Amino acid sequence: MLQVFPILRRYTRAHVWVPLVFALTSPPLMAQDTQMRFDIRLGALKVGHLGVAASETDQTYAVRAQFQDTGLVGILVGIRFDAHAQGTRLGTSLIPRRYEENIDTGRRQSLTRLQYNADLPQVLDDTPTSPLLIALEDQRGTVDPLTALYTLLRSGPAPCGQNIPVFDGRRRSQVTLGPMRDGQCSGNYRRIAGYSDAEMRERVSFPPTLRFAGAEGKSHLVEAKVDTLWGSATLTRQ
């Protein structure tokens with residue numbers, strides 16, 4: 001979700017799947033490497049796959065995600081999604097240090113690089129350039145969209161009950177999750193600032209429901225459902 005579900009829309013062009021290749025510079029010993037694959041559906045129709053590759057140690061993490069459409073004409077328009085992030089771990093918390101994205105949602109194209117200095121994001125590259133509608137100095141303590149997404153997907157304590165502030169280089173949003181009940185939790189993905197007036201009039205809130213499997217303290221996401229601008233979307237782990 002986050003950068004995944006909000007980009008779903010009608011499609012007119014096929015893409016070739018590029019396998020995930022993610023390598024850390026001088027990878028430390030005892031790293032735990034993970035690969036995940038999720039189907040994405042709009043209603044009953046499968047529209048794509050999300051691949052995620054990650055590596056974690058006790059002190060660091062790195063993650064990359066790519067979207068692959070199903071090639072069905074008329075479902076999505078020009079989707080391209082490739083992002084990677086890396087940073088440090090503090091207990092179970094992820095603290096980003098770098099983030100890069102290459103995204104074409106059909107509505108906007110984005111080439112962005114962020115670097116973090118004392119938890120304050122700095123925009124190194126941002127294409128296309130246009131005036132920011134949000135103050136960078138107010139974004140301290142936010143995480144990038146992929147770090148936020150990986151917080152929901154990774155194995156470990158379920159993220160239910162968390163509030164995750166997200167900044168993508170231009171826009172501020174907030175993921176708020178309620179407590180775990182019967183293996184799942186619900187919440188809200190909310191646009192906060194940096195969006196145009198038209199975007200804010202279009203819709204502000206996108207409530208998700210997350211379902212988890214696994215033992216206490218070591219669960220993993222198996223399904224996420226969220227309302228989007230184009231109907232109900234579901235992300236299912238394979």
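The values are calculated or read from the model by the stated rules, or taken from the named source; none is laboratory data. These numbers come from a predicted model, not from an experiment. Methodologically, a virtual Cβ is constructed for each residue, glycine included, from the backbone with ideal geometry; neighbour enumeration extends over all protein chains shown. Heavy atoms of the whole protein, side chains included, go into the accessibility calculation; ligands, DNA and RNA do not. Shrake-Rupley method; radii C 1.70, N 1.55, O 1.52, S 1.80 Å.
Check whether at least one residue in segment 171-191 is among the small types (Gly, Ala, Ser) and open to solvent by 30 Å² or more (accessible area, probe 1.4 Å), and report yes or no.
yes
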Discussion item. Can you confirm whether THR142 is open to solvent by less than 60 Å² (accessible area, probe 1.4 Å), in contact (Cβ under 8 Å) with a residue 24 or more places away in the chain, touching a Phe, Trp or Tyr at 6+ places or on another chain (Cβ under 6 Å) and within 24 Å of ARG98 (Cα to Cα)?
Written reply: yes
Discussion item. Report every pair of residues separated by at least 6 positions or lying on different chains whose Cβ atoms are under 6 Å apart, first residue within segment 179-198 and under 18 Å from PHE167 (Cβ atoms), second among the hydroxyl-bearing types (Ser, Thr, Tyr).
Written reply: ASN188/THR176; ASN188/SER205; ARG190/SER205; ARG191/SER173; ILE192/SER173
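Is there a residue in segment 215-222 that is open to solvent by 50 Å² or more (accessible area, probe 1.4 Å), modelled with pLDDT under 95, more than 27 Å from ARG98 (Cβ to Cβ) and part of a loop (DSSP other than H, G, I, E, B)?
Within segment 215-222, the first condition is being open to solvent by 50 Å² or more (accessible area, probe 1.4 Å), and the residues that meet it are 215-216, 218, 220.
Those still in the list that are modelled with pLDDT under 95 too: 215-216, 218, 220.
From what is left, the residues that are more than 27 Å from ARG98 (Cβ to Cβ) are 215-216, 218.
Checking the rest, the ones that are also part of a loop (DSSP other than H, G, I, E, B) come to 216.
Yes, that holds for at least one residue.
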Worksheet item: Among the listed residues LEU152, LEU90, which satisfies the condition of being modelled with pLDDT of 95 or more and not hydroxyl-bearing (Ser, Thr, Tyr)?
Response: LEU152
Fill in: Qualifying residue in segment 168-184 (condition: touching an Asp or Glu at 6+ places or on another chain (Cβ under 9 Å), of a type in the set (A, V, I, L, M, F, W, C) and under 26 Å from THR88 (Cβ atoms))
no
Discussion item. Could you check segment 197-214 and list, in sequence order, the residues that are farther than 22 Å from PHE38 by Cα and outside any strand (DSSP E or B)?
Written reply: ASP197, ALA198, GLU199, MET200, ARG201, GLU202, ARG203, VAL204
Worksheet item: What tally of residues in segment 150-168 results from selecting those that are buried (at least 20 other Cβ atoms within 10 Å of the Cβ) and either touching a His at 6+ places or on another chain (Cβ under 8 Å) or in contact (Cβ under 8 Å) with a residue 60 or more places away in the chain (or both)?
Response: 7
Item to complete: State whether one or more residues within segment 115-128 are on the phi < 0 side of the Ramachandran plot, at pLDDT below 95 and within 12 Å of the chain's Cα centre (by Cα).
Response: no
Discussion item. Is it the case, given these coordinates, that LEU133 is outside any strand (DSSP E or B) and open to solvent by 60 Å² or more (accessible area, probe 1.4 Å)?
Written reply: yes
